[in-house]
Amino acid sequence: MSYVDEVLERVKAKNASEPEFLQAVEEVLDSLRPVIDANEEVYRKEAILERITEPDRQIKFRVPWVDDKGQVQVNTGYRVQFNNAIGPYKGGLRLHPSVNIGIIKFLGFEQIFKNSLTSLPIGGGKGGSDFDPKGKSDREVMAFCQSFITELYKYIGADQDVPAGDIGTGAREIGYMYGQYKRITGLYEGVLTGKGLTYGGSLARTEATGYGLLYLTEELFKSHGQSLEGKTVCVSGAGNVAIYAIQKAQQLGAKPVTCSDSTGWIYDPEGIDVELLKEVKEVKRARLTEYAAKRPSAEYHEKKNGEHGVWNIKCDIALPCATQNELDIEDAKALVANGVIAVCEGANMPTTLDATKYFQANGVWFVGGKAANAGGVATSALEMSQNSERLSWTFEEVDSKLQQIMVNIFHNIDDAAKRYGHEGDYVMGANIAGFEKVATAMIAQGVC
Ligand code: NDP
Ligand code: 2IT
């Protein structure tokens, strides 16, 4: 049996109850075959695949907090420190009722390769809790965040592990967490990214994931002799990534016509009004029905199980920006039948494995999240640099660095795929390019 298959079997046996983690590992290991096969003896002897699929450590803890009625609530907190071969652990904190150890492990595993692709010195980690910030008062969110950090502070630090935002964790949550970290440790350091601009945050971090997604998509189109001008775009999600993806798509001449949240979706053939969307989602924290109520051109559809939602709308470019496994084989068939040219993932693993394969088999340019959404964490690393030198760069400076990073990522993954004779397989290219640097660093640092 090949080394890849041997390790895949072992990982499956060991983590049988973690389907999302297994899905992420299977995608990566499967596409690393050409690299591993070319150097099997060394990788096997060094147990690189066993080591890279086993987190350095998993931290799980109780998070008790008091709600507005005086009732004690208990959530579970997690931080998976996956791999720090090339830099301190780095990755977001997800606050969503669906969070469990398997979800955090899949996200932490992806983060290793994504962070490597940014070319910046950051390792892979992820954390979060099954706490749901939706419908909670600011005081309840603060109580949760303070309790969460009261345990997590022991394991994080500016040169050790630097968490950030993800689903359910935005500037408000990061602010409360930063305040508690500072209070407990007495340290004013860049221990979290996505901070507010008055206390060490970076300009353009809020926009970075969505903007970066479009910078990479633009470079993808350029490499095929095309542009984004006049292209129709379907976006899912209506959070941080989706909003700034929509905004940058418009700035680059494309027309985003959809967005969605967990209860419904919008089709707005005139193009999404991004200022209205920001007002509804960022300021009011309301449902998309409020968008539809204020926008006569928009259709609102209630989310129904088994329906294609936004992926039924005819488009040139699909940008899934909500959550994992939100785009399945039926959605992929609908998109291909409607002539989609490219799919670039703003979310982490939003496309199921069979849907990914279907896109690739049908000539759709498909770029996975590790490459396409790396702009967020890359800009987090730029925030860390600014914190270290105690300076703040201008928006233009950060944005131009982000743009350069995304253009470089595209060419690195494109080149890696070509090097192994799989031109156009950007999934393989991303996994290979991300893996090579981490594996080289791990081998150089000995058995650890
Ligand atoms: P937000 O919390 O800001 O927004 C998430 C959006 O997705 C919301 O519109 C939410 O709807 C929707 N959503 C979440 N879960 C589900 C679900 N189970 N079913 C349907 N809709 C859902 O998160 P982000 O925009 O930050 O994150 C979106 C994705 O991008 C995630 O996969 C995240 O891991 C990834 N990502 C984020 C980065 C960042 O910098 N923030 C960087 C790279 C990747 P509702 O509000 O109704 O829950
Ligand atoms: O998935 C991701 O890359 C993020 N949520 C951003 C992580 C970060 O550290 O900025």
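The values are calculated or read from the model by the stated rules, or taken from the named source; none is laboratory data. Remember, it's a predicted structure, so these values are computed and weren't measured experimentally. Using ideal geometry, Cβ is built from the backbone for each residue, glycine included, and neighbour counts are taken over all protein chains shown. Surface accessibility is based on the protein's heavy atoms, side chains included, excluding ligands, DNA and RNA. Shrake-Rupley method; radii C 1.70, N 1.55, O 1.52, S 1.80 Å.
If you take the residues in segment 151-166 that are buried (at least 18 other Cβ atoms within 10 Å of the Cβ) and part of a helix (DSSP H, G or I), which one is nearest to the chain's Cα centre (by Cα)?
Keep residues of segment 151-166 that are buried (at least 18 other Cβ atoms within 10 Å of the Cβ), which gives 152-153, 156, 161-166.
Filter again for part of a helix (DSSP H, G or I), leaving 152-153.
Values: LEU152: 21, TYR153: 23 Å.
Filtering first and then ranking leaves LEU152.
Evaluating VAL233 against the criteria (1) under 20 Å from the mean Cα position of the chain (by Cα); (2) within 15 Å of ligand 1 (Cβ to nearest atom); (3) open to solvent by less than 10 Å² (accessible area, probe 1.4 Å); (4) closer than 25 Å to ARG205 by Cβ leaves one unmet condition, (2).
So that you can scan it fast, the table gives a plain yes or no per residue for (1) modelled with pLDDT under 95; (2) closer than 23 Å to ALA430 by Cα; (3) away from ligand 1 (no atom under 12 Å from the Cβ); (4) part of a loop (DSSP other than H, G, I, E, B):
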{"position": "PHE82", "(1), (2), (3), (4)": "no, yes, yes, no"}
{"position": "ALA85", "(1), (2), (3), (4)": "no, yes, yes, yes"}
{"position": "GLY128", "(1), (2), (3), (4)": "no, no, no, no"}
{"position": "PHE131", "(1), (2), (3), (4)": "no, no, yes, yes"}
{"position": "PHE144", "(1), (2), (3), (4)": "no, no, yes, no"}
{"position": "GLU173", "(1), (2), (3), (4)": "no, no, no, no"}
{"position": "LYS182", "(1), (2), (3), (4)": "no, no, yes, no"}
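Of all residues in segment 3-53, exactly one satisfies the criterion of being of a type in the set (Val, Ile, Thr) and not in a helix (DSSP H, G or I), namely THR53.
Residue check: ILE432 meets all listed conditions (1) in a helix (DSSP H, G or I); (2) open to solvent by 30 Å² or more (accessible area, probe 1.4 Å); (3) farther than 21 Å from LEU214 by Cα but one, namely (2).
Could you check, for segment 355-366, whether at least one of its residues is within 16 Å of ligand 2 (Cβ to nearest atom), open to solvent by less than 40 Å² (accessible area, probe 1.4 Å), polar (S, T, N, Q) and in a helix (DSSP H, G or I)? Walk me through how you get there before you give the answer.
To start, the set of residues in segment 355-366 that are within 16 Å of ligand 2 (Cβ to nearest atom) comprises none.
No, the conditions are met nowhere in segment 355-366.
When each of ALA439, ALA430 is tested for being over 18 Å from the mean Cα position of the chain (by Cα), of a type in the set (Gly, Ala, Ser) and modelled with pLDDT of 95 or more, the lone residue that passes is ALA439. Screening ASN387, ASN412 for residues that are away from ligand 2 (no atom under 16 Å from the Cβ), assigned to a helix (DSSP H, G or I) and touching a residue at least 24 places away in the same chain (Cβ under 8 Å) leaves exactly one candidate, ASN412.
Among the residues making up segment 307-354, a single one is open to solvent by less than 40 Å² (accessible area, probe 1.4 Å) and modelled with pLDDT under 95: GLY309. Within segment 185-196, not a single residue is within 11 Å of ligand 1 (Cβ to nearest atom), among the aliphatic types (A, V, I, L, M) and at pLDDT 95 or above. Listed by first and then second residue, the pairs linking a residue in segment 340-359 that is among the acidic types (Asp, Glu) and more than 16 Å from ligand 1 (Cβ to nearest atom) to a residue that is open to solvent by 10 Å² or more (accessible area, probe 1.4 Å) and assigned to a helix (DSSP H, G or I), with Cβ atoms under 7 Å apart and 6 or more places separating them unless they lie on different chains, are ASP354/ILE329. Without any contact (Cβ under 8 Å) to a residue 12 or more places away in the chain and closer than 27 Å to VAL398 by Cβ: is that true of LYS231 in this structure? When the stated conditions are applied, LYS231 does not pass them. Listed by first and then second residue, the pairs linking a residue in segment 93-108 that is over 10 Å from GLU20 (Cβ atoms) and within 11 Å of ligand 2 (Cβ to nearest atom) to a residue that is at pLDDT 95 or above and outside any strand (DSSP E or B), with Cβ atoms under 6 Å apart and 6 or more places separating them unless they lie on different chains, are ARG94/ILE167.
Among the residues making up segment 190-213, those that are assigned to a loop (DSSP other than H, G, I, E, B) and either buried (at least 18 other Cβ atoms within 10 Å of the Cβ) or within 11 Å of ligand 2 (Cβ to nearest atom) (or both) are GLY190, VAL191, LEU192, THR193, GLY194, LYS195, GLY200, GLY201, SER202, LEU203, ALA204.
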